[in-house]
Amino acid sequence: MEKYVEIDGVKVHYTVEGEGKPLILMHGWGCNTTTLASVEKVALESHKVYNIDFPGHGKSQEPGEVWGIERYTRVLEEIINREGIERPSLLGHSFGGRVGILYSSRHDDVDKLILVDAAGVKPRRSMKYYVKVYSYKAWKRLLYMSLGREKAEKKLDAYRSKVGSSDYAQASPMMRAILSKVVNEDLKSVMPSIKAETLLVWGENDTATPLSDAKYMEKHIPNAGLVSFPGCGHYSFLDNPYQFAAVLRSFLNS
């Protein structure tokens, strides 16, 4: 069943299927409810599944201002409150994991938390990175002075599309600003507050959120365990669907 709800002036789409204990699915950046379709199919064997399109993704509206993880977590809170969901389990992939981490750190009623190749640990930056960033900012300022705002923005967009991440290049200007904000939000400080039993599922070849992030979470989330899949990347649930399904069933029904 498809549903829509307005939260902070933004129309949010989500689906509800099945019967049983509640499980909420949260996709990664640049994805939507369909990305987790294979996960939903497994979960429906035993759970009532809520699958959210985060604002700016899928059928949900784009925010009218720059949001951070706080606002996206509010979307989850509002859906839980309006649906009257009690003791939900949460599954978040990549960006969705950020929301799961922040929500679970604040709510003791989360039954189980499943983080799949999840974001939340701010990446360490090398000196080369900072040289690149500040060189870009200086070049940007020079373009504005020499070409004017409109021409400078066109040139900058072309450059960002060429050298930026695919998530960044494919996003609208607003979603680019949001992405730039959320990737720099570090959630390490809230991880020790998570009380829910937590399963970490990771691809050992993940370069977007490396296995070292999972090991950090395993160490700092009090009741966490890690399962890693050799040869899998950032979408471990798609790279190894059968083993992922077996692990998910075991954890949800334990």
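Please turn the phi angles of segment 225-237 into ³J(HN,Hα) values with the Karplus equation 6.51 cos²θ - 1.76 cosθ + 1.60 (θ = phi - 60°), one per residue in order, whole Hz, x for glycine and proline.
Coupling constants for segment 225-237: x, 10, 10, 10, 10, x, x, 9, x, 6, 10, 4, 6 Hz.
Amide H of Ile85 versus every other amide H placed in the peptide plane: which residues, excluding those fewer than 5 positions away on the same chain, fall under 5 Å?
For Ile85, no residues qualify.
Output wanted: per-residue J couplings in Hz (rounded whole) for segment 96-102, from phi through Karplus 6.51 cos²θ - 1.76 cosθ + 1.60, θ = phi - 60°, x for Gly and Pro.
Result, ordered by residue: x, x, 4, 5, x, 5, 5 Hz.
How high is the FRET efficiency between Asp108 and Tyr242 when r is their beta carbon distance and R₀ equals 41 Å, given to the nearest 0.05?
Once rounded, the FRET efficiency stands at 0.75.
How would Met26, Met217, Met1 line up from fewest to most surrounding beta-carbon atoms within 10 angstrom?
Ascending number of Cβ neighbours within 10 Å: Met1, Met217, Met26.
Read-outs throughout are calculated quantities, based only on the coordinates presented, and are distinct from any laboratory measurement. This one's a predicted model, so the numbers in the text were calculated from it and none came from an experiment. No Cβ is skipped: glycine too gets one built from the backbone with ideal geometry, and neighbour counts run over all protein chains shown.
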